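> Starting off with a structure, shown below.
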Amino acid sequence: MTSPSRSTFISLAHTLPPRLLRFFARYPPGTHTDVRSNPFKPTVHAITKRWHNPIFSYRRQAVLCKIARQHGVEELLPPSRKSSAYKEEKLAQRAEGGVGRWKRMLEPKGKKWERTLHARLEKRKKAMEEMPALIEKWKRSGHGRGWKEWPR
Amino acid sequence: MAKKAKSRTIAVRLISMAMTGYFKTMVRPRVHHPLSMIKYDPIVRQHVLFLESKRRQR
């Protein structure tokens, strides 16, 4: 495929709605993609360490992403939480059981009695299987008179 | 000051051998041999062997 000429891009750009054109004039595609200069991300002030809201609120980001999606230029916008790429990534993560805190929420650690229940029931079952033999041994030893294996 | 005299009897703990954690507390003379008996364990709902647990060093 031959690379489209500059004039093609310009004519394509003229088909975009003015709202997107204004955005791209201020933030040209390919720039402002890092976290600090991204107008879709909150920033921390270097001196005061105060957090400042993103230049474009989530509502305005959603509008921009929607318009860009309709015109097929969504990937030219800076990374946003409202982009379909981000949403697909999140959906994929959730499908495979989530990550980090979300995963821990889905797979809770459980109470101690819940975590140890299976092992305790197994131990009890094993003890009950050996119980008749143990009682027989105990009876033969004189009902505990010669018994040596006292529990702790 | 003289030490307090040891009591003639002691309280002992008889542990269920069904490993349920259920136990019975009994009083026996100090010089008696350790207690053991077949008693009902309500957790497994059966009569099982109960053995006296060793006393902890204090």
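> What list of ³J(HN,Hα) values in whole Hz, one per residue of segment A:7-16 in order, does the Karplus curve 6.51 cos²θ - 1.76 cosθ + 1.60 (θ = phi - 60°) give from phi, with Gly and Pro shown as x?
So the J values, rounded to whole Hz, are 5, 4, 4, 5, 5, 5, 5, 6, 7, 6.
> Now for a different question. Tell me, what ³J(HN,Hα) does each residue in segment B:5-12 have, in order and in whole Hz, if you take phi through Karplus 6.51 cos²θ - 1.76 cosθ + 1.60 with θ = phi - 60° and put x for Gly and Pro?
Per-residue couplings from phi come out as 5, 6, 6, 6, 10, 10, 8, 10 Hz.
> Roughly how many nanometres apart are two label points built 7 Å out from the Cα toward the Cβ at A:R50 and A:M105?
If labels sit at A:R50 and A:M105, their model points lie 3.1 nm apart.
> Quick one: among B:R13, B:R45, B:R28, which has the greatest mean-square fluctuation in a GNM of chain B with alpha-carbon springs under 10 angstrom?
Answer for the Gaussian network model of chain B: B:R45.
> Take the solvent-accessible surface of the protein heavy atoms, probe 1.4 Å, and return the percent of it on segment A:5-113 that carbon and sulfur atoms account for.
Details: 4930 of 8410 Å².
Roughly 59 percent of what the probe reaches on segment A:5-113 is carbon or sulfur.
> Could I ask something else about it? Can you give the local net charge around A:S84? Use residues other than it whose beta-carbon is closer than 10 angstrom to its beta-carbon, Lys and Arg +1, Asp and Glu -1.
On the way: positive: A:K66, A:R69, A:K82, A:K87; negative: A:E74, A:E75, A:E88, A:E89.
Net charge around A:S84: 0.
> Additional query: Where a Cα-Cα gap under 21 Å defines reach, which lysines qualify for A:K111, not counting those fewer than 8 residues away within the same chain?
A:K103, A:K123
> Further question on the same structure: Check which residues have an amide H placed less than 5 Å from B:V12's amide H, if you skip close sequence neighbours.
Amide H neighbours of B:V12, under 5 Å, 5+ apart: B:M26, B:V27, B:R28.
> Pairs B:K6/B:K54; A:K139/B:K39; B:K4/B:K24; B:K3/B:K24: which exceed 24 Å Cα-Cα?
In this structure, B:K4/B:K24; B:K3/B:K24 exceed 24 Å between Cα atoms.
> Could you pull out every one of the aspartates and glutamates with an alpha carbon less than 16 Å from that of A:K87, ignoring same-chain neighbours closer than 8 positions?
Straight-distance partners of A:K87: A:E74, A:E75, A:E96.
> Then there's this: Work out how far the C-alpha atoms of the protein assembly as shown reach from end to end along every principal axis, then list the three figures in whole Å, largest first.
Principal axes ranked by extent give 106, 54, 27 Å for the Cα atoms.
> So if R0 is 25 Å, what FRET efficiency would A:S37 and A:A62 give, r being the distance between their Cβ atoms, rounded to the nearest 0.05?
Working: r = 21 Å, r/R0 = 0.82.
For R0 = 25 Å, the calculated efficiency reads 0.75.
> Classify segment A:8-106 as rounded, prolate or oblate, taking a ≥ b ≥ c as the square roots of the eigenvalues of its Cα gyration tensor: rounded when a/c is under 1.5, otherwise prolate if a/b is larger than b/c and oblate if not.
Cα axes put segment A:8-106 in the oblate bin.
> Name the long-range amide H neighbours of B:I38: under 5 Å, sequence gap of 5 or more, or other chain; modelled H, no Pro or chain starts.
Under 5 Å from the amide H of B:I38 lie the amide H atoms of B:F50, each far enough along the sequence or on another chain.
> Please find, in a Gaussian network model of chain A (springs between Cα atoms separated by less than 10 Å), the residue of A:K82, A:K123, A:K49 whose mean-square fluctuation is greatest.
Of the options given, A:K123 has the highest mean-square fluctuation.
> Assuming R0 = 45 Å, what is the FRET efficiency of A:K126 and B:A2, from their Cβ-Cβ distance, to the nearest 0.05? All intermediate terms of the calculation are to be shown ahead of the outcome.
On the way: r = 51 Å, r/R0 = 1.12.
Working from the Cβ atoms, E equals 0.35.
> Quick one: which bits of segment A:125-152 get at least 30 Å² less accessible when the partner protein chains are in, versus the chain alone, with a 1.4 Å probe?
Residues meeting the cut-off: A:A127, A:M128, A:M131, A:L134, A:I135, A:W138, A:R145, A:W150, A:P151, A:R152.
> Ordered by residue, what ³J(HN,Hα) values in Hz, to whole numbers, does segment A:39-49 give under the Karplus form 6.51 cos²θ - 1.76 cosθ + 1.60, where θ = phi - 60° and Gly and Pro are x?
Going residue by residue, I get x, 9, 10, x, 10, 9, 5, 4, 8, 7, 6 Hz, with x marking Gly and Pro.
> On average, how much accessible surface per residue is there in segment A:41-152, in Å², for a 1.4 Å probe, leaving out ligands, DNA and RNA?
Details: 8990 Å² over 112 residues.
Dividing the accessible area of segment A:41-152 by its residue count gives 80 Å².
> What is the projected area of the convex hull of the Cα atoms of chain B, averaged over all directions, in nm²? Walk me through the numbers before you get to the answer.
Values: hull surface 19.2 nm².
Answer in nm², one decimal: 4.8.
> Separate question: Skipping prolines and chain starts, which residues have an amide H placed within reach, meaning under 5 Å, of the one on B:Q46, given they are 5 or more residues away or on another chain?
It is B:D41, by chain and number.
> Can you give the local net charge around A:E122? Use residues other than it whose beta-carbon is closer than 14 angstrom to its beta-carbon, Lys and Arg +1, Asp and Glu -1. List each step's numbers first, then the result.
Values: positive: A:R115, A:R120, A:K123, A:R124, A:K125, A:K126; negative: A:E129, A:E130.
Cβ neighbours under 14 Å give a net charge of +4.
The values are calculated or read from the model by the stated rules, or taken from the named source; none is laboratory data. Quantities reported herein were computed from a predicted structural model and do not represent experimental measurements. Quick reminder, even Gly has a Cβ in these numbers, built from the backbone with ideal geometry, and neighbours come from all protein chains shown. Side chains are part of the model used for accessible areas, which takes the heavy atoms of the whole protein and leaves out ligands, DNA and RNA. Shrake-Rupley method; radii C 1.70, N 1.55, O 1.52, S 1.80 Å.
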